[in-house]
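Some notes on the structure that comes next.
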Amino acid sequence: MRLLLVEDDEILGDGIKAGLTMEGYAVDWVMDGNLANEALKTNSYELVVLDLNLPGMEGMDVLKELRKRKDETPVLVLTAKDTVDDRIQGLDSGADDFVAKPFELSEVCARLRALARRQSGRSVPQIEHQGVVLDPASHVVTVKNKRIDLSQKEFGILNFLMSNIGRVISRARIEEALYSWGSEIESNSVEVHIHHLRKKLGAKFIRTVRGVGYIIDEAE
């Protein structure tokens, strides 16, 4: 999933970005509130990790502008002031969850997974469909109880499609969700990854809608 990280502390931001990248997220990182606001206007993200104390534009104002645009992207707020009043103000401004500094990256990742579940309408941690089980926390995929090995990008594409079962997802949208700024994208990379997934999951699990994109069909 593609994620926007908004954190002006260079050391902390670098550590968060490295950790989230290792978890499989495509991370765009900005250190200024104005840049965050522009990034959110011009890009699509599955998640946002937002510090509140920012130069240029306060994090709370970034959040308010996001919600004014009717953008429902889940936002996890990082705050150094974990008071009840701060949480109330943040929630009323459109925040979805909070984590107080200092924090463990494992907690941030767990909260992001919970937000992703909520956004896709799931209550259980694993995604199951037609004998395929995907666990976002452990990055394990099984087919009829047999574990299969996937590359990071294959796992990312499968996670994205299984989080949107019954919806056609364009190649451009998949690329947008999987690649951060500056990443090199080969012209047929999505097709190659889909081909590999079909060999591992079955040829009919992911269907191509010609001229539109890819879909995992709902069970009949």
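Treating the beta-carbon of each Lys and Arg as +1 and of each Asp and Glu as -1, no other charges, what is the dipole magnitude of the stretch 127-220 about its Cα centre, to the nearest 20 debye?
So the dipole magnitude of the stretch 127-220 works out to roughly 340 debye.
Here is how the number arises for the chain: DSSP H runs of 4 or more residues each give -39500 (n - 2.57), the sum is divided by the residue count, and the result at 222 nm is -12500 deg cm²/dmol. Across the stretch 114-220, the relative contact order, built from alpha-carbon pairs under 8 Å that are at least six residues apart, equals 25 percent. When you count the other C-beta atoms within 10 angstrom of each residue and take the mean per peptide, 194-200, 139-145, 30-36 line up highest first as 30-36, 194-200, 139-145. Applied to the stretch 108-125, the Karplus parametrisation 6.51 cos²θ - 1.76 cosθ + 1.60 on θ = phi - 60° returns per-residue 3J(HN,Hα) values of 4, 4, 5, 5, 5, 4, 5, 5, 5, 4, 4, 5, 8, x, 9, 10, 9, x Hz, with x for Gly and Pro. Fully extending the segment from H195 to A80 would add 36.8 nm, taking 0.36 nm per residue of separation and subtracting the current Cα-Cα distance.
Could you work out how far helix 189-201 tilts from the main Cα principal axis of the chain, as a 0 to 90 degree angle to the nearest 10? Tilt of helix 189-201: around 60 degrees. A DSSP coil position with no more than 14 other Cβ atoms inside 10 Å describes the following GluC sites (Glu not before Pro) in the stretch 81-129: E104. Any idea how far apart A18 and D149 come out in nm if each label point goes 7 Å out from Cα toward Cβ? So the two model labels end up 2.7 nm from each other.
Taking S138, S189, S180 as the candidate residues, the one with maximal mean-square fluctuation in a Gaussian network model of the chain, Cα springs under 10 Å, is S138. Here the 3J(HN,Hα) profile of the stretch 137-149, calculated from phi with Karplus coefficients 6.51, -1.76 and 1.60 at θ = phi - 60°, is 6, 8, 6, 9, 10, 10, 10, 6, 6, 10, 5, 10, 8 Hz, Gly and Pro shown as x.
For the chain, the longest principal axis of the Cα atoms and the long axis of helix 33-42 meet at an angle of about 30 degrees.
Extending 7 Å from the Cα toward the beta-carbon at both E218 and N34 defines two label points whose distance is 4.6 nm. Charged side chains reduced to their Cβ positions (Lys and Arg at +1, Asp and Glu at -1) give the stretch 1-86 a dipole of some 460 debye around its Cα centre.
Which semi-axes, in whole Å and largest first, does the equivalent ellipsoid of the stretch 1-126 have when worked out from the alpha carbon gyration tensor as the square roots of 5 times its eigenvalues?
For the stretch 1-126, the semi-axes come out at 19, 17, 16 Å.
For the stretch 35-169, the relative contact order works out to 15 percent when only alpha carbon pairs closer than 8 Å and six or more residues apart are counted.
The phi-based Karplus calculation (6.51 cos²θ - 1.76 cosθ + 1.60; θ = phi - 60°) puts the 3J(HN,Hα) values of the stretch 5-15 at 9, 10, 8, 8, 7, 5, 5, 5, x, 4, x Hz, whole numbers, x for Gly and Pro. Principal axis extents of the Cα atoms in the chain, from largest to smallest and rounded to whole angstrom, are 51, 33, 32. If you roll a 1.4 Å probe over the chain with all protein chains in place, what percent of the accessible area is carbon or sulfur? Of all accessible area on the chain, carbon and sulfur atoms account for 48 percent. Descending by average beta-carbon neighbour count within 10 Å, the peptides 164-173, 55-64 line up as 55-64, 164-173, the highest first. Which residues does the label zone of T142 cover in the stretch 201-220, counting backbone N under 19 Å from a point 7 Å along Cα→Cβ? Counting only backbone N, you get 201-202. In the context of the full set of protein chains, the chain has a per residue accessible area of 53 Å² (1.4 Å probe).
The values are calculated or read from the model by the stated rules, or taken from the named source; none is laboratory data. Predicted, not measured: the structure shown is a model, and the values here were computed from it. No Cβ is skipped: glycine too gets one built from the backbone with ideal geometry, and neighbour counts run over all protein chains shown. Ligands, DNA and RNA are stripped out before the accessible areas are found, and what is left, the full protein with its side chains, is counted by its heavy atoms. Shrake-Rupley method; radii C 1.70, N 1.55, O 1.52, S 1.80 Å.
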